[in-house]
Amino acid sequence: KRAVAADEIVVFAAASLKNALDDISADWTKASGNKVRISYGGSSNLAKQIQQGAPADVFISANVEWMDTLQKDNLVDAASRRILLRNRIVLIANGRSADKIEIKNGFDLAGLLKDGKLAMAMVDSVPAGIYGKAALTSLGVWGAVSPKVAQSDNVRAALALVARGEAPFGIVYATDAAASDNVTVVGTFPEQTHPPIIYPAAVVAESKTKPAATSFLDFLVTKDAKQIFEREGFSVIEPTVAN
C-alpha cells in the first residue's frame, strides 16, 4: 500500500554510481511512490558534508574508511550498514581505440604521457584517487608519474578530462570507463596492487524518513537493482546473513 503522503529521501552517493543509481532510483520511485534526490560527489566530500550536518538520509561510499569514520562518530545507523558492490580501477586513454598497455612493475607510464597529464581523482582524499595512487606506488611508478597528475574533485571529472582529450590517459573505475563512448580501457590494475574497492551503504543517523531510507537500501539488493549494477560493470556482493 502506498503511504498517503509520499516521502522524499536525499541520497549522498559516490560519483561513480551515477548511471546505475539514476536508473535504480527511478524504479524505486515507481515501486514505492516515494521520491529520491541524489547528490553525487567524491565520497570524502560527501562524508564531510554529513559531518557538518547536511540533511542526507542514505550514504553510499566508494570506500570503507569514510563509512567507518561516520560510524565511529555515530553519524550513520550501524545496524543498517551493508556492503553492496565491488569495482576495479583501470587505465584509460582518449578516443575509441588505443593500444593495450601491460600494467606491471616499473611500466613506463611517465614515458607514455610524454608532455600530457594523467587524470585522476584527488589522490589523498577521493577513493578512486587513493586506489590509483596505491596501485602506482605498489608498481614502483608513482615517483615518476606524480608530477604529471591532474587531480580532480571526483572520478567523473577525471573521466571527462580524458574523454575531452585534455589528458591522454587517466585512472578511473571500470564502471566509469563503461559510461563514456570516448575513452578506451588500455589496462586493468592487478587487484593485489591496491586495497579492495568496496562500496558500503547505510542510513544516516539523523534521517527524518528512516522507513523510506531503509526501503531504498533494501531495494538496492533486489534482483532488478543487481542487473542494473552489473550492466554498469559493478560486481554485486551477495548479502551475507549472520547465523
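Among the candidates Ile130, Ile101, single out the residue that is under 15 Å from the mean Cα position of the chain (by Cα) and either of a type outside the set (S, T, N, Q) or open to solvent by 30 Å² or more (accessible area, probe 1.4 Å) (or both).
On the way: Ile101 fails: under 15 Å from the mean Cα position of the chain (by Cα).
Exactly one residue qualifies, and that residue is Ile130.
If you go through the range 23-47 and keep only what is closer than 17 Å to Val155 by Cα, open to solvent by 10 Å² or more (accessible area, probe 1.4 Å) and not in a strand (DSSP E or B), you end up with just Asn45.
Which of the residues that make up the range 189-243 are of a type in the set (Asp, Glu) and open to solvent by 80 Å² or more (accessible area, probe 1.4 Å)?
Step one: list which residues in the range 189-243 are of a type in the set (Asp, Glu), which gives 191, 206, 218, 224, 230, 232, 238.
Passing the criteria: Glu191, Glu206, Asp224, Glu230, Glu238.
Here's the yes/no breakdown for (1) closer than 15 Å to Ile60 by Cα; (2) at pLDDT 95 or above; (3) in a helix (DSSP H, G or I):
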| residue | (1), (2), (3) |
| --- | --- |
| Pro196 | no, no, no |
| Ala201 | yes, yes, no |
| Ser207 | yes, yes, no |
| Ala212 | no, yes, yes |
| Ser215 | yes, yes, yes |
| Asp218 | yes, yes, yes |
| Gln227 | no, yes, yes |
| Glu230 | no, no, yes |
| Gly233 | no, no, no |
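May I ask you to verify whether Ile171 is assigned to a loop (DSSP other than H, G, I, E, B) and either among the polar types (S, T, N, Q) or open to solvent by less than 40 Å² (accessible area, probe 1.4 Å) (or both)? No; evaluated as a whole, the condition is false for this residue. Counting residues in the range 150-157 that are on the phi < 0 side of the Ramachandran plot, aliphatic (A, V, I, L, M), touching a strand residue (DSSP E or B) at 6+ places or on another chain (Cβ under 6 Å) and open to solvent by less than 40 Å² (accessible area, probe 1.4 Å) gives one or more.
Just to confirm my filter: which helices (runs of 4 or more DSSP H) fall fully inside the range 50-152 and include at least 2 residues that are of a type in the set (Ser, Thr, Tyr)? Steps first, please.
Numbers: elements: 64-72, 109-113, 127-138, 142-145.
Filter on the range 50-152 gives 127-138.
Determine which member of the set Arg96, Arg81 is exposed (fewer than 14 other Cβ atoms within 10 Å of the Cβ) and of a type in the set (D, E, K, R).
Working: Arg81 fails: exposed (fewer than 14 other Cβ atoms within 10 Å of the Cβ).
Only one candidate passes the filter, namely Arg96.
Is it fair to say Val4 is of a type in the set (A, V, I, L, M), surrounded by fewer than 22 Cβ atoms within 10 Å (Cβ to Cβ), within 28 Å of Ala177 (Cβ to Cβ) and modelled with pLDDT under 95? Steps first, answer last, please.
Details: of a type in the set (A, V, I, L, M): yes; surrounded by fewer than 22 Cβ atoms within 10 Å (Cβ to Cβ): yes; within 28 Å of Ala177 (Cβ to Cβ): no; modelled with pLDDT under 95: yes.
Taking the combined requirement at face value, the residue does not satisfy it.
The values are calculated or read from the model by the stated rules, or taken from the named source; none is laboratory data. Quantities reported herein were computed from a predicted structural model and do not represent experimental measurements. No Cβ is skipped: glycine too gets one built from the backbone with ideal geometry, and neighbour counts run over all protein chains shown. Heads up: the accessible areas ignore ligands, DNA and RNA and are worked out on the full protein's heavy atoms, side chains in. Shrake-Rupley method; radii C 1.70, N 1.55, O 1.52, S 1.80 Å.
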